[in-house]
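Beneath this line is the structure, given in structure tokens, with notes to follow.
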Amino acid sequence: MSKITSDIVAKLWNLCNILKDDGVTYHQYVTELTYLLFLKMAKETGTENQLPQGYRWTDLESKAAPDRLEFYKMLLIHLGGHGAALVQEIFANASSFIRKPATLSTLVAEIDKLDWYSVHREDLGDLYEGLLEKNANEKKSGAGQYFTPRPLVNCMVNVMRPALTDIIQDPAAGTGGFLIAANHYLRTHGVC
């Protein structure tokens with residue numbers, strides 16, 4: 001993970017502390033942040049056209065702090081049934097565990113400050129994995145049993161030495177870490 005990616009993961013993890021203060025559990029951190037990050041990234045990547053008018057990052061930002069949480073909860077429900085098919089899949093049955101309007105306002109303001117363009121596209125998965133790793137390392141979360149550290153994944157792939165003729169799968173593909181490591185192995189060893 002690059003230094004820039006590590007810095008952003010640290011900033012996102014600090015946002016988890018804000019969520020914790022609002023009663024959001026360890027298991028809900030990543031989901032809460034993912035919804036907000038998706039909206040922000042759609043704006044920055046020029047793909048907001050897949051979201052319905054009136055239900056985009058700028059619309060969320062423009063709401064007055066006391067009204068933002070209510071709007072956000074309606075936005076999540078609306079996106080579950082409107083917009084591009086992928087958007088509807090992402091937001092299907094979406095809801096928020098945030099209770100205080102000030103919590104959401106802080107999250108929106110802090111996410112808006114992050115410099116996403118300093119992260120290479122291929123490092124975006126590392127952001128997600130970095131959050132999962134931080135969550136797994138928290139004693140209270142109990143999520144460590146679901147997370148395989150990247151060095152261990154890389155070691156396992158190196159031992160297996162995958163080839164293009166192999167069937168490569170990751171049946172528990174949480175982050176797709178094994179698939180990514182296998183792809184990286186094939187490319188760095190001149191197999192593909």
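Where a number appears in this text, it was derived from the coordinates with a stated rule and is not lab data. Not measured: the values here are computed from a predicted model. No Cβ is skipped: glycine too gets one built from the backbone with ideal geometry, and neighbour counts run over all protein chains shown.
Residue order for LEU75, LEU15, fewest other beta carbons within 10 angstrom first, comes to LEU15, LEU75.
With contacts taken as Cα pairs under 8 Å and at least 6 residues apart, segment 148-188 reaches a relative contact order of 48 percent.
What does the net charge come to around HIS78 if you take all other residues with beta carbon closer than 13 Å to its beta carbon, with K and R at +1 and D and E at -1? After counting each charged neighbour, the total is 0. The amide H of GLY83, built 1.01 Å from its N in the peptide plane, has no neighbour under 5 Å, considering only residues 5 or more places off or on other chains. Highest-first packing order for the peptide set 61-73, 160-172 is 61-73, 160-172, based on the mean count of other beta carbon atoms within 10 Å. Distance distribution P(r), segment 20-90, all Cα-Cα pairs, bin width 5 angstrom from 0: 3, 15, 26, 27, 18, 9, 2 percent. Other residues within the sphere of radius under 15 Å centred on the Cβ of ILE98, judged by their own Cβ, net out at 0 (K and R +1, D and E -1). Just to be sure I understand the model, the point goes 7 Å from the Cα along the line to the Cβ. What's the resulting GLU44 to GLU110 distance in nm? Label at GLU44, label at GLU110, 1.6 nm between them. Given R0 = 22 Å, the distance between the Cβ atoms of THR188 and ILE167 translates into a calculated FRET efficiency of 0.60. Per the Kirkwood formula applied to alpha carbons, segment 148-188 shows a radius of gyration over Rh ratio, Rg over Rh, of 0.92. The modelled label-to-label distance for the pair HIS27/ILE77, using points 7 Å beyond Cα in the direction of Cβ, is 2.4 nm. Working note: Karplus 6.51/-1.76/1.60 with θ = phi - 60° gives segment 49-65 the couplings 5, 7, 9, x, 4, x, 10, 10, 3, 4, 5, 5, 4, 6, 6, 5, 3 Hz, where Gly and Pro are set to x.
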